[in-house]
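The values are calculated or read from the model by the stated rules, or taken from the named source; none is laboratory data. Treat the numbers as computed from the prediction; the structure is a model and nothing was measured. Here the Cβ is made from the backbone with ideal geometry for all residues, glycine too, and neighbour counts use every protein chain on show.
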Amino acid sequence: MGKKNVFAALGVAGLILVAAPAAANFHNMRIVQVYAGDVTHPDAQYVVLQMCTNGQNVLGGHEVGFFAADGGAIGTPVAFAGSVANGASQSRVLVATSSAEALFGLTADLRMPASIPPVGGKLCFEPASPVDCFGWGNYSALPDATIGTPFDAGVGITPGDAEQRSLSIAGGSGTLECTTPNDDTDDSANDFGPTTPNPGNNAGSSGFIHPNHVFLHGFESGASAGWSTVVP
């Protein structure tokens, strides 16, 4: 091989080495929890993303998008202004409404409008070229390979419940795995289940329910379950 060809080959290899890390600096991220509000705080909504390897914090320009039950976009996707500080594996990133920030006493890494229709819909991290999506309820734009079967098809997200990704599908039950084998089967019905809302942000802070808020079941409040604004 001549010198020119050697240099050309080295140049291509160098470009590959430079480009490879950049291609993976946000892809190893999954949606791990979704909250659609409750009867007393319908706009207190959030999405928690979680990194499953180190260095997935280069989020500038990347988006979270929301879709109605028929698959139509709800508003404009919300985009990160820049990277988040903590890029350690298992770090979380909080996308939340201002109402959710107030309810859970937690600062969001990205502010979103209330765009999660409890009865059915879909949301995606990077909607134009999905890294991960979650679908629920009466979402009907099927088949959809990004979500498989919607979570709680025909029912939706119960007010006051958060939908949590199971971390026990592969690997350790407390660790998110998103390289083979992984905790993401691309089937929302299989991957998610209800839990008590417990959002967390990139700074490592966890949300809490204000002591003056109590959970009211439907039979107590005469309506759908949710968090009260005052102790009754």
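With the condition kept exactly as written, say whether any residue in region 66-79 is of a type in the set (Ser, Thr, Tyr) and under 14 Å from Gln45 (Cα atoms).
No, every residue in region 66-79 fails to be of a type in the set (Ser, Thr, Tyr) and under 14 Å from Gln45 (Cα atoms).
Among the numbered criteria (1) within 13 Å of the chain's Cα centre (by Cα); (2) within 24 Å of Gly207 (Cβ to Cβ), which one does Pro127 miss?
Condition (2) is where Pro127 drops out.
Restricting the search to region 130-145, which residues are more than 14 Å from the chain's Cα centre (by Cα) and either surrounded by fewer than 19 Cβ atoms within 10 Å (Cβ to Cβ) or assigned to a loop (DSSP other than H, G, I, E, B) (or both)? First the steps, then the outcome.
As a first pass, look at region 130-145 and keep what is more than 14 Å from the chain's Cα centre (by Cα): 137-145.
Scanning region 130-145 gives Asn138, Tyr139, Ser140, Ala141, Leu142, Pro143, Asp144, Ala145.
Pick out the one residue from Gly172, Gly148, Gly156 that is farther than 24 Å from Pro77 by Cα, more than 13 Å from the chain's Cα centre (by Cα) and part of a loop (DSSP other than H, G, I, E, B). Give the steps one after another, and end with the answer.
Details: Gly148 fails: farther than 24 Å from Pro77 by Cα; Gly156 fails: farther than 24 Å from Pro77 by Cα.
Result: Gly172 is the single residue among Gly172, Gly148, Gly156 that is farther than 24 Å from Pro77 by Cα, more than 13 Å from the chain's Cα centre (by Cα) and part of a loop (DSSP other than H, G, I, E, B).
Go through region 102-116 and give me each residue that's modelled with pLDDT under 95 and not in a loop (DSSP other than H, G, I, E, B).
Ala102, Leu103, Phe104
Can you name the residue in region 98-111 that is surrounded by fewer than 23 Cβ atoms within 10 Å (Cβ to Cβ) and of a type outside the set (D, E, K, R) and is also nearest to Val64 (Cα to Cα) among such residues?
Leu110
Among the residues of region 186-203, which ones are modelled with pLDDT of 95 or more, over 15 Å from the mean Cα position of the chain (by Cα) and not hydrophobic (A, V, I, L, M, F, W, C)?
Answer for region 186-203, where residues must be modelled with pLDDT of 95 or more, over 15 Å from the mean Cα position of the chain (by Cα) and not hydrophobic (A, V, I, L, M, F, W, C): just Asn190.
Evaluate region 22-37: report whether one residue or more is part of a helix (DSSP H, G or I), more than 17 Å from the chain's Cα centre (by Cα) and either of a type in the set (D, E, K, R) or modelled with pLDDT under 95 (or both). Write out each step before concluding.
Going through region 22-37, the residues part of a helix (DSSP H, G or I) turn out to be 22-23.
Among the residues that remain, those that are also more than 17 Å from the chain's Cα centre (by Cα) are: 22-23.
Right, trim to either of a type in the set (D, E, K, R) or modelled with pLDDT under 95 (or both) and you get 22-23.
The answer is yes, given that some residue of region 22-37 is part of a helix (DSSP H, G or I), more than 17 Å from the chain's Cα centre (by Cα) and either of a type in the set (D, E, K, R) or modelled with pLDDT under 95 (or both).
Can you name the condition, by its number, that Ala170 falls short on among (1) over 19 Å from Val48 (Cα atoms); (2) at pLDDT 95 or above?
(2)
Kindly indicate which of Ala69, Ala81, Ala85 is surrounded by 19 or more Cβ atoms within 10 Å (Cβ to Cβ) and either in a loop (DSSP other than H, G, I, E, B) or of a type in the set (S, T, N, Q) (or both). Talk me through it step by step, then tell me what you get.
Values: Ala81 fails: surrounded by 19 or more Cβ atoms within 10 Å (Cβ to Cβ); Ala85 fails: surrounded by 19 or more Cβ atoms within 10 Å (Cβ to Cβ).
That would be Ala69, the only listed residue that is surrounded by 19 or more Cβ atoms within 10 Å (Cβ to Cβ) and either in a loop (DSSP other than H, G, I, E, B) or of a type in the set (S, T, N, Q) (or both).
For region 145-173, which residues satisfy the criterion of being free of Cβ contacts under 8 Å to residues at least 24 places away in the same chain and not hydrophobic (A, V, I, L, M, F, W, C)?
Passing the criteria: Gly154, Ser168, Gly171, Gly172, Ser173.
Which residues, taken from region 96-120, are closer than 9 Å to Asp43 by Cα, touching a residue at least 60 places away in the same chain (Cβ under 8 Å) and in contact with a Ser or Thr (Cβ under 8 Å, 6 or more places away or on another chain)?
Ala114
Taking into account only those residues within region 88-101 that are in a helix (DSSP H, G or I), out of contact with any His (no Cβ under 7 Å at 6 or more places or on another chain) and small (Gly, Ala, Ser), which is farthest from Phe208 (Cα to Cα)? Walk me through how you get there before you give the answer.
First, pick out the residues of region 88-101 that are in a helix (DSSP H, G or I): 98-101.
Next, from what is left, pick out any that are out of contact with any His (no Cβ under 7 Å at 6 or more places or on another chain): 98, 100-101.
Still in the running and small (Gly, Ala, Ser): 98, 100.
Values: Ser98: 15, Ala100: 11 Å.
It comes out as Ser98.
If I filter region 45-65 down to residues being in a loop (DSSP other than H, G, I, E, B) and in contact with an Asp or Glu (Cβ under 7 Å, 6 or more places away or on another chain), which single residue comes out as surrounded by the most Cβ atoms within 10 Å (Cβ to Cβ)? Can you show your working first?
Our first condition is that a residue be in a loop (DSSP other than H, G, I, E, B); within region 45-65, this holds for 45, 52-62.
Those still in the list that are in contact with an Asp or Glu (Cβ under 7 Å, 6 or more places away or on another chain) too: 52, 62.
Working: Cys52: 23, His62: 20.
Only one residue fits best here, namely Cys52.
Within region 185-196, is even one residue in a loop (DSSP other than H, G, I, E, B), touching a residue at least 12 places away in the same chain (Cβ under 8 Å) and either crowded, with 21+ Cβ neighbours inside 10 Å or in contact with a Pro (Cβ under 6 Å, 6 or more places away or on another chain) (or both)? Before the answer, list the steps.
If we filter region 185-196 for residues that are in a loop (DSSP other than H, G, I, E, B), which is where we start, we get 185-187, 196.
Narrowing further to those that are touching a residue at least 12 places away in the same chain (Cβ under 8 Å): 185-187, 196.
Applying the additional criterion that residues be either crowded, with 21+ Cβ neighbours inside 10 Å or in contact with a Pro (Cβ under 6 Å, 6 or more places away or on another chain) (or both) yields none.
No, there is no match, as no residue in region 185-196 is in a loop (DSSP other than H, G, I, E, B), touching a residue at least 12 places away in the same chain (Cβ under 8 Å) and either crowded, with 21+ Cβ neighbours inside 10 Å or in contact with a Pro (Cβ under 6 Å, 6 or more places away or on another chain) (or both).
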